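Remarks on the structure that follows.
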Amino acid sequence: MKDIIVLSIETSCDETSVAIVKNGREIISNKIYSQIDIHNEFGGVVPEVASRKHLEVINIVIDEALKEGNINLKDIDVISATYGPGLIGALLVGLQYAKGLSYALNKDFIGVNHIEGHISSCFLEHKDLVPPFISLVVSGGHTMIFNVKDYGVYEKIGETRDDAIGEVFDKIARKLNLSYPGGPNIEKLAKFGDEDKIKFPKSRFEEDTLDFSYSGLKSSVLNYINTNNLKNIEISKEDVCASFQKTAVSMLIENVEKAFKLYGGDKLSIVGGVSSNNYLKERFKNHFKNVKVYTPSKVLCTDNGAMIASAAYYSYLKNGGSEYSLNVSPNIKF
């Protein structure tokens, strides 16, 4: 079978990433331009600023990816890009660029769902990971559980009904005056805190659902901070971070455990930006003794083009190319 080389563009939020991947598993190059320093002063991503920056750097990032991979555009077989979910202006930059490049080169074009990209991220480093398996997607915008039945065949079995876990990490970090992005800073402080010091409640639904709710936990932590501030009582940021982190991760573990009881299996992938949290990874590996836990390396946890290329490859094998009429879908449901 002929090798298929995919060039992918990911611009769903504040990273401009271009990657070249062979056969969905081998990274030839993966370049990422991060805007963290730009958005840090605002305490979060400003959509208009993100879109403009994508426009400024996308040509540069594509050139760098080709140079790093020592490959020419004529050697690319498929052009892919994220079409949703994400920020509408940011998505438009990457998707329209990919369509134009595909048309100019007379190469097939594939639009990729960002969530499918995250699920595919583990394929790039774990050659033994093949479906079926359970996948937990945890990021700033998503908290979801999937039963991955085959490449490109997903059954969503749980999701958040309100806030995503990464979003709550960022909001609590901002309340504690920690810099953006908040997740890594909470993890750092939590190492020096007592995770059993403060009892924050865990939201629970009816027994027959695997859905999450993080708004209650968020409110409890913010209320704890506000109440103590009003009383001029000094709080331990370390204890707040450790206690919050323990509760947030425990909620994930409980629902994933229920997922294995319902669907079986012995493989779990944890993907998305929050999967870079070392405390989370250790908790899962220690809890699930009879399950092999897969996580991407840090560079593949956050938004990147390589994961989009991997998803595009398997989609291309199953369904062929996408139509040029495909538009961005910032709020698409998986």
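The values are calculated or read from the model by the stated rules, or taken from the named source; none is laboratory data. Bear in mind the structure is a predicted one, so any value in this text is a computation, not a measurement. Glycine also receives a Cβ, built like all others from the backbone with ideal geometry; neighbour counts cover every protein chain displayed.
Of the conditions (1) modelled with pLDDT under 95; (2) in contact with a helix residue (DSSP H, G or I) (Cβ under 8 Å, 6 or more places away or on another chain), Lys318 satisfies every one except a single condition; which number is it?
Going through the list (1) modelled with pLDDT under 95; (2) in contact with a helix residue (DSSP H, G or I) (Cβ under 8 Å, 6 or more places away or on another chain), Lys318 breaks only (2).
Take the residues of region 269-294 that are of a type in the set (A, V, I, L, M) and surrounded by 22 or more Cβ atoms within 10 Å (Cβ to Cβ): which is farthest from the chain's Cα centre (by Cα)?
Leu280
Given the conditions (1) in contact with a Pro (Cβ under 6 Å, 6 or more places away or on another chain); (2) crowded, with 19+ Cβ neighbours inside 10 Å, and given that Lys149 satisfies all but one, which numbered condition is not satisfied?
(2)
Filter region 73-95 down to the residues that are under 22 Å from the mean Cα position of the chain (by Cα), buried (at least 19 other Cβ atoms within 10 Å of the Cβ) and β-branched (Val, Ile, Thr) and list them by number.
Result: Ile79, Thr82, Val93.
Have a look at Thr160, Thr82 and point out the one that is in the same structural domain as Lys267 (by TED's automatic domain parsing) and touching a strand residue (DSSP E or B) at 6+ places or on another chain (Cβ under 8 Å).
Thr160
Could you please tell me which pairs satisfy a Cβ distance under 8 Å, a separation of 6+ or placement on different chains, a first residue in region 309-322 that is among the aliphatic types (A, V, I, L, M), and a second residue that is part of a helix (DSSP H, G or I)?
Final answer for the pair search is Ala311/Glu116; Ala311/Gly117; Ala311/Ile119; Ala311/Ser120.
Which residues, taken from region 289-311, are assigned to a helix (DSSP H, G or I) and among the basic types (Lys, Arg)?
Correct list: Lys298 only.
Just to verify a result, which residue in region 219-254, among those that are of a type in the set (D, E, K, R) and over 22 Å from Ile270 (Cα atoms), is farthest from the chain's Cα centre (by Cα)?
Lys231
Results for (1) at pLDDT below 80; (2) over 21 Å from Ile115 (Cα atoms); (3) under 20 Å from the mean Cα position of the chain (by Cα); (4) aromatic (Phe, Trp, Tyr), shown as yes or no for each residue.
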position: Leu7; (1), (2), (3), (4): no, no, yes, no
position: Glu10; (1), (2), (3), (4): no, no, yes, no
position: Glu15; (1), (2), (3), (4): no, no, yes, no
position: Lys22; (1), (2), (3), (4): no, no, no, no
position: Ile28; (1), (2), (3), (4): no, yes, no, no
position: Ile32; (1), (2), (3), (4): no, no, yes, no
position: Asp37; (1), (2), (3), (4): yes, yes, yes, no
position: Pro47; (1), (2), (3), (4): yes, no, yes, no
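Tell me which residues, restricted to region 41-72, are of a type in the set (A, V, I, L, M), out of contact with any Asp or Glu (no Cβ under 6 Å at 6 or more places or on another chain) and surrounded by 14 or more Cβ atoms within 10 Å (Cβ to Cβ).
Selection gives Val46, Val49, Leu55, Val57, Ile58, Val61, Ile62, Ala65, Leu66, Ile71.
Determine whether region 123-139 contains at least one residue that is of a type in the set (Lys, Arg), farther than 30 Å from Arg52 by Cα and either part of a loop (DSSP other than H, G, I, E, B) or in contact with a helix residue (DSSP H, G or I) (Cβ under 6 Å, 6 or more places away or on another chain) (or both).
Yes, there is a match, as at least one residue in region 123-139 is of a type in the set (Lys, Arg), farther than 30 Å from Arg52 by Cα and either part of a loop (DSSP other than H, G, I, E, B) or in contact with a helix residue (DSSP H, G or I) (Cβ under 6 Å, 6 or more places away or on another chain) (or both).
Restricting to region 54-72, and then to whatever is free of Cβ contacts under 8 Å to residues at least 60 places away in the same chain and among the hydrophobic types (A, V, I, L, M, F, W, C), can you tell me which residue is nearest to Ile20 (Cα to Cα)?
Among those that are free of Cβ contacts under 8 Å to residues at least 60 places away in the same chain and among the hydrophobic types (A, V, I, L, M, F, W, C), it is Leu66.
So which residues in region 96-112 are in contact (Cβ under 8 Å) with a residue 12 or more places away in the chain and either surrounded by fewer than 22 Cβ atoms within 10 Å (Cβ to Cβ) or assigned to a helix (DSSP H, G or I) (or both), if there are any at all?
Tyr97, Ala98, Lys99, Leu101, Ser102, Tyr103, Leu105, Lys107, Asp108
Can you name every one of the helices (runs of 4 or more DSSP H) wholly within region 200-288 that holds 3 or more residues which are in contact with an Asp or Glu (Cβ under 7 Å, 6 or more places away or on another chain)?
In region 200-288, the matching helices (runs of 4 or more DSSP H) lie at 237-263.
Among the residues of region 174-202 satisfying the criterion of being without any contact (Cβ under 8 Å) to a residue 60 or more places away in the chain and within 19 Å of the chain's Cα centre (by Cα), which is nearest to Glu15 (Cα to Cα)?
Gly182
Surrounded by fewer than 17 Cβ atoms within 10 Å (Cβ to Cβ), among the aromatic types (Phe, Trp, Tyr) and either modelled with pLDDT under 95 or in a helix (DSSP H, G or I) (or both): is that true of Phe169 in this structure?
When the stated conditions are applied, Phe169 does not pass them.
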